[in-house]
Amino acid sequence: MFEWMTDPAGWAALATLTAMEVILGIDNVIFISVLVSRLPKEQADKARTIGLALAFLFRVGLLFTLTWMIGLVEPVFSILGKGFSWRDIILFVGGAFLVAKATHEIHQSMEEDELSEIEAAAPKFFFAAILQIAVVDLVFSIDSINTAIGMADQLGVMIAAVVIAMVVMYVSSGPVSAFIAEHPTTKMLALAFLILIGASLCAEASGFHLPRGYIYAAMAFAAAVETINIMAASKKKKRKKIGHH
């Protein structure tokens, strides 16, 4: 399993696969950050930790079932000449869930402040959040491991890349969650990202391949515009404070 450590090509494969896993993990981090943003801080931290731990276990567990994973791409039925595999079904259901969840969250955000109701139902919402994180973790894990299988042929490289990517996800998830909680407009942007990601998963499952590069480029551009807006709003607040003094 560790023969690749003495091979420069193995390290190159590790660097490439790790970068890809981190990029794919952005979707996971955004979903978890949005979902825990409505929980009290202690429960949010616990839910985020449990969610990322589940994501790690799913990914490593799937890596040790490569034969089963490869079998997921075999068609199980066809519609109008298009074959659908278990992977397609899981991605479509997961994508539809992301679209529905993000749409529901946008609707909730447009309603009156329900903070007191959320606090009253915090324990119930906490377990619901964990369950939803687990479902989405499984969908993203299947997508992630399929990518790993296509990019590397050594199990040790795949496991190392997944471990490094999960560490990056864990470290970044805290600041991302805090930033979304502090700036409500970024939550709307994150929810829009989730709708885009969910729609792309449904499209891919239906046979319409959308290059991930285009999707992430659009997300990066929108995030850059939002960052400029936040910086402008922050400067305006500082000017107002100075004016009052």
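Being touching a Ser or Thr at 6+ places or on another chain (Cβ under 9 Å), in contact (Cβ under 8 Å) with a residue 24 or more places away in the chain and aliphatic (A, V, I, L, M) is the filter here; which residues of region 73-96 pass it?
Selection gives Val73 alone.
If we keep just the residues of region 36-48 that are surrounded by fewer than 23 Cβ atoms within 10 Å (Cβ to Cβ) and in contact with a Ser or Thr (Cβ under 9 Å, 6 or more places away or on another chain), which is modelled with the lowest pLDDT?
The qualifying residue modelled with the lowest pLDDT is Ser37.
Out of the residues in region 189-214 that are among the hydrophobic types (A, V, I, L, M, F, W, C) and over 14 Å from Lys101 (Cβ atoms), state the one that is farthest from the chain's Cα centre (by Cα).
That would be Phe208.
What number of residues in region 53-63 are in contact (Cβ under 8 Å) with a residue 24 or more places away in the chain and surrounded by fewer than 22 Cβ atoms within 10 Å (Cβ to Cβ)?
Residues meeting the conditions: 5.
Go through region 198-207 and give me each residue that's more than 18 Å from Ile26 (Cβ to Cβ), in a helix (DSSP H, G or I) and at pLDDT below 85.
Passing the criteria: only Ala205.
Can you tell me which of Val176, Val167 is β-branched (Val, Ile, Thr) and either in a loop (DSSP other than H, G, I, E, B) or surrounded by fewer than 16 Cβ atoms within 10 Å (Cβ to Cβ) (or both)?
Val167 is the lone residue from the list that is β-branched (Val, Ile, Thr) and either in a loop (DSSP other than H, G, I, E, B) or surrounded by fewer than 16 Cβ atoms within 10 Å (Cβ to Cβ) (or both).
Within region 52-80, how many residues turn out to be outside any helix (DSSP H, G or I) and at pLDDT 75 or above?
Of the residues in region 52-80, 8 are outside any helix (DSSP H, G or I) and at pLDDT 75 or above.
Checking the condition at pLDDT 80 or above and under 18 Å from Phe127 (Cα atoms), which residue from Ser85, Ser33 passes?
Exactly one residue qualifies, and that residue is Ser33.
For every residue, the table says whether it meets (1) surrounded by 14 or more Cβ atoms within 10 Å (Cβ to Cβ); (2) in contact with a His (Cβ under 6 Å, 6 or more places away or on another chain); (3) of a type in the set (Asp, Glu).
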| site | (1), (2), (3) |
| --- | --- |
| Ser172 | yes, no, no |
| Glu182 | no, no, yes |
| Ala190 | yes, no, no |
| Val225 | no, no, no |
| Ile228 | no, no, no |
| Met231 | no, no, no |
| Lys235 | no, no, no |
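Given the conditions (1) among the hydrophobic types (A, V, I, L, M, F, W, C); (2) surrounded by 18 or more Cβ atoms within 10 Å (Cβ to Cβ); (3) at pLDDT below 80, and given that Leu210 satisfies all but one, which numbered condition is not satisfied?
Of (1) among the hydrophobic types (A, V, I, L, M, F, W, C); (2) surrounded by 18 or more Cβ atoms within 10 Å (Cβ to Cβ); (3) at pLDDT below 80, only one is false for Leu210: (2).
Return the only residue of Val171, Val99, Val167 being over 30 Å from Trp11 (Cα atoms) and modelled with pLDDT of 80 or more.
Selected residue: Val99, the only one of Val171, Val99, Val167 that is over 30 Å from Trp11 (Cα atoms) and modelled with pLDDT of 80 or more.
The values are calculated or read from the model by the stated rules, or taken from the named source; none is laboratory data. Quick caveat: nothing in here was measured; it's all calculated off a predicted structure. Cβ sites come from the backbone with ideal geometry, for glycine too, and all protein chains shown count toward neighbours.
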